[in-house]
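Working notes, structure below.
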Amino acid sequence: MRFGRNSGFSRLSPLKPGEDIDAPGDQANASRGSNRLPPRKSSLSGAFRELLAFGYLQALSCLFPVLIFATIAFTKVVDIPVIPEYDFVLLVCVLVQVLMVRSGLETKDELKVICVFHLIGLCLEIFKVHMGSWAYPQEAWIKVLGVPLYSGFMYASVASYLCQAWRRLKVRLVRWPRAAYTAPLGLAIYLNFMTHHYFYDLRWVLTGLLCVVFIRTFVEYTPLDTVRRMPLLLSFLLIGFFIWLAENIATFLGAWQYPDQRLGWSMVHLGKVSSWFLLVIVSFMIVAQLKHVKAGQHG
């Protein structure tokens with residue numbers, strides 16, 4: 001996988017274990033997707049304006065997942081002619097990605113990361129559907145072992161959010177752990193999503209290890225001019241919680257179906273937050289590692 005020199009991944013200096021990870025600098029091919037609020041004359045307090053800016057940048061970063069949910073909702077109120085609903089969602093996902101790259105809202109390097117996550121997510125989906133964890137009951141032209149191809153974009157949308165939020169908020173990681181700790185831990189988390197079907201679920205053991213490894217790590221971000229700091233584990237938990245809320249919306253709209261929802265929709269169990277918490281960490285690790293690799297190429 002090669003990355004362009006003008007992308008956000010090319011502006012990072014080589015990272016040594018224990019050093020900080022900085023967000024990429026300004027990008028010519030992404031500058032058209034504005035990451036600042038339009039100028040406004042207002043008597044709002046600085047704190048409120050900063051909160052407003054933070055929400056604005058988060059909304060821009062969530063553009064792709066929001067469009068996916070909007071498309072799924074659209075298929076529930078409008079009968080799509082000719083093409084099955086799952087394939088219609090897939091078509092929209094592809095078109096949205098093309099438009100986001102061409103408009104500068106997303107860089108080509110970010111698109112490559114999204115493709116990687118689509119493949120990782122699709123593999124996990126195939127296994128989970130095979131094990132009966134959930135199902136895609138509707139017909140589709142493009143299904144892989146019972147899984148519609150659009151499902152990989154649900155995972156890719158998480159990567160899209162992480163990449164764009166990293167760039168727009170000028171994210172900087174403080175005291176990021178050594179790859180010797182993060183890589184095996186990330187792999188163990190991903191494999192546990194599958195191996196727990198055969199023996200003990202290690203999610204709480206892995207969560208404990210995560211706390212040990214990342215307890216000193218913070219994320220710094222800049223909504224306007226002031227750098228803010230948050231414990232990295234807390235940011236993972238918050239993202240996982242909001243994904244859980246989105247999952248409830250998705251299952252209500254019929255994007256997929258859990259076994260206990262076959263006779264009618266019910267709220268997704270709150271325990272799923274822990275699963276999303278772990279999945280977000282794996283996603284974040286992959287994005288951070290790709291930035292390390294990119295930094296090494298231009299060091």
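The slack in the chain from HIS130 to PHE252, taken as 0.36 nm per residue of separation less the alpha-carbon distance, amounts to 41.7 nm. Once neighbouring chains are kept in place and the probe is 1.4 Å, which whole percent of the accessible area of the stretch 163-299 is contributed by carbon and sulfur? Answer for the stretch 163-299 is 70 percent, counting heavy atoms of protein chains only.
Would you mind getting the accessible area per residue of the stretch 57-187, heavy atoms of the protein chains only, 1.4 Å probe, in Å²?
On the way: 5590 Å² over 131 residues.
Per residue, the stretch 57-187 has an accessible area of 43 Å².
Using the Cα coordinates of the stretch 217-279, the gyration tensor eigenvalues translate into equivalent-ellipsoid semi-axes of 32, 12, 7 Å, sorted from longest to shortest. Derived from the Cα gyration tensor, the three semi-axes of the equivalent ellipsoid of the stretch 114-157 are 17, 12, 8 Å, largest first. Dividing the alpha-carbon radius of gyration of the stretch 164-247 by the rule-of-thumb value 2.2 N^0.38 Å gives 1.26.
Per-residue extension of 0.36 nm, minus the Cα-Cα distance of VAL116 and SER45, leaves a gain of 21.4 nm for this segment.
In plain terms, the chain from LEU224 to VAL205 could stretch by 3.0 nm, reckoned as 0.36 nm per residue minus the Cα-Cα distance. Put +1 on the Cβ of every Lys and Arg and -1 on every Asp and Glu Cβ in the stretch 91-218; which of ILE215, LEU185, ILE142 then has its Cα farthest towards the positive end of the dipole? The listed residue farthest towards the positive side: ILE215.
The values are calculated or read from the model by the stated rules, or taken from the named source; none is laboratory data. Fair warning: this is a prediction, and the values are worked out from it, not measured in the lab. We place every Cβ from the backbone using ideal geometry, glycine too, and count neighbours over all the protein chains shown. These accessible areas exclude ligands, DNA and RNA; they are computed on the full protein's heavy atoms, side chains included. Shrake-Rupley method; radii C 1.70, N 1.55, O 1.52, S 1.80 Å.
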